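Take a look at the structure below.
The values are calculated or read from the model by the stated rules, or taken from the named source; none is laboratory data. Small disclaimer: the values here were computed from a predicted structure and weren't measured. With ideal geometry, Cβ positions are generated from the backbone for all residues, glycine too; neighbour counts draw on all protein chains shown. Accessible surface is based on the protein model in full, side chains and every heavy atom, while ligands, DNA and RNA are left aside. Shrake-Rupley method; radii C 1.70, N 1.55, O 1.52, S 1.80 Å.
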Amino acid sequence: MTALEYLARQKDRVNGFLDNYLLPDTVKPEIIHKAIRYSVFSGGKRFRATLCIAACETFGGSVDEALPVAGGIELIHTYSLIHDDLPCMDDDDLRRGKPTLHKAYGENIAVLAGDALNALAFDLVSRADDCRLIRILADAIGTEGMIGGQVADVMSCGLDEITEDTVRFIHTRKTAALISASIAMGALTGGATEEEMNVARRFGAGIGLAFQIVDDILDIVSSDEVLGKDVGSDEDMDKATYPKAIGLDASKVKARELVAEACGYLDTLEHDTAILKGLAEFVIERVY
Ligand code: GRG
């Protein structure tokens, strides 16, 4: 099976799992359940959830064991997108080809939907009955993870000089932390040893940074139609990006190097890592 086929298959399973888990939009107050479903089911590649499942399978676990954890990770990701799009953050109108949640339901409901998704995500991950998973996720999204990265991102807007160190600081926290945690949580669920967990984390950190570099590149070279979101917003907001720090071509080279290095770590494992490597390649081949 190719990585793209694997991604498509896991996306269906994650969507089915979340559809079953989330409350129907007939439950009161209906608007919050409608808003949550609007965002969760507006598309999305389910890349982080798929990485989690793939890591779990790589170390001998099953898709069913990984699904609550993968679903929880995907809810955190959706939460981050909703809040990232808010007028007080990036102020975006389009996400996954549809109006952003605050455009469709109002800012108050968008904030609350994000808050609700946070609670739901931890509820899901707690179902795996392993406190270590909860700690990995909390670390990944806290002030030394996603929130810290977002704070640095917000503060970086309009700075005259952006160094590679600055942008790496932002991207490793804002994006790579959750991607790395997705793989680590999947690996743990699949029974990885401490040593294997370290490899999984290093692999995740590398492809996570590459993922955000490619996201920066796509914001310059792609279109609203293909990406389903407002392209060019990094430049409009004068954000710290890899292309701004080191240039577009050097950013493409950097993303490729990171993925190659990350795949090298996997070679130290005595497991079949073909799917994880395929998903790593997807990071640099993706056009959406
Ligand atoms: C959620 C704890 C928490 C905090 C919120 C707003 C914020 C703090 C953080 C923003 C983080 C963020 C949105 C980073 C960008 C990550 C990124 C590249 C998103 C796009 O991911 P894709 O391409 O999206 O996987 P799809 O639509 O496919 O799911």
Among (1) in contact (Cβ under 8 Å) with a residue 24 or more places away in the chain; (2) more than 22 Å from ASP230 (Cα to Cα); (3) open to solvent by less than 70 Å² (accessible area, probe 1.4 Å), GLY16 falls short only on (1)
Can you list residue pairs whose Cβ atoms sit under 9 Å apart, with the first residue in the stretch 124-144 being under 20 Å from LEU18 (Cα atoms) and the second being surrounded by 14 or more Cβ atoms within 10 Å (Cβ to Cβ) and acidic (Asp, Glu)? Count only pairs 6 or more apart in sequence or on different chains. ALA128/GLU65
It is to be established whether one or more residues within the stretch 62-69 are of a type in the set (A, V, I, L, M) and open to solvent by less than 10 Å² (accessible area, probe 1.4 Å). yes
List the residue pairs whose Cβ atoms are under 9 Å apart, where the first residue sits in the stretch 166-177 and is without any contact (Cβ under 8 Å) to a residue 24 or more places away in the chain, the second is part of a helix (DSSP H, G or I) and open to solvent by 20 Å² or more (accessible area, probe 1.4 Å), and the two are 6 or more positions apart or on different chains. PHE169/ALA152
Boolean, ARG95 is at pLDDT 95 or above, out of contact with any strand residue (DSSP E or B) (no Cβ under 9 Å at 6 or more places or on another chain) and under 26 Å from VAL287 (Cα atoms): yes
Suppose we keep only residues that are open to solvent by 20 Å² or more (accessible area, probe 1.4 Å) and assigned to a helix (DSSP H, G or I) within the stretch 78-101. Which one would you say is farthest from CYS157 (Cα to Cα)? TYR79
Which of (1) more than 16 Å from the chain's Cα centre (by Cα); (2) over 19 Å from ALA113 (Cβ atoms); (3) away from the ligand (no atom under 16 Å from the Cβ) is the odd one out, the single condition LYS34 does not satisfy? (2)
Pick from the stretch 217-232, criterion within 12 Å of the ligand (Cβ to nearest atom) and charged (D, E, K, R), ranking: surrounded by the fewest Cβ atoms within 10 Å (Cβ to Cβ): ASP219
Can you name every residue in the stretch 20-60 that is assigned to a helix (DSSP H, G or I), out of contact with any Leu (no Cβ under 8 Å at 6 or more places or on another chain) and open to solvent by less than 50 Å² (accessible area, probe 1.4 Å)? ALA49, CYS52, CYS56
GLU235 - would you say it is over 21 Å from ILE136 (Cα atoms) and out of contact with any strand residue (DSSP E or B) (no Cβ under 7 Å at 6 or more places or on another chain)? yes
List the helices (runs of 4 or more DSSP H) that sit entirely inside the stretch 233-288 and contain at least 2 residues that are away from the ligand (no atom under 16 Å from the Cβ) and either crowded, with 18+ Cβ neighbours inside 10 Å or of a type in the set (A, V, I, L, M, F, W, C) (or both). 242-246, 248-266, 274-285
Pick from the stretch 217-232 the residues that are in contact (Cβ under 8 Å) with a residue 12 or more places away in the chain and assigned to a loop (DSSP other than H, G, I, E, B): which of them is farthest from ARG48 (Cα to Cα)? GLY232
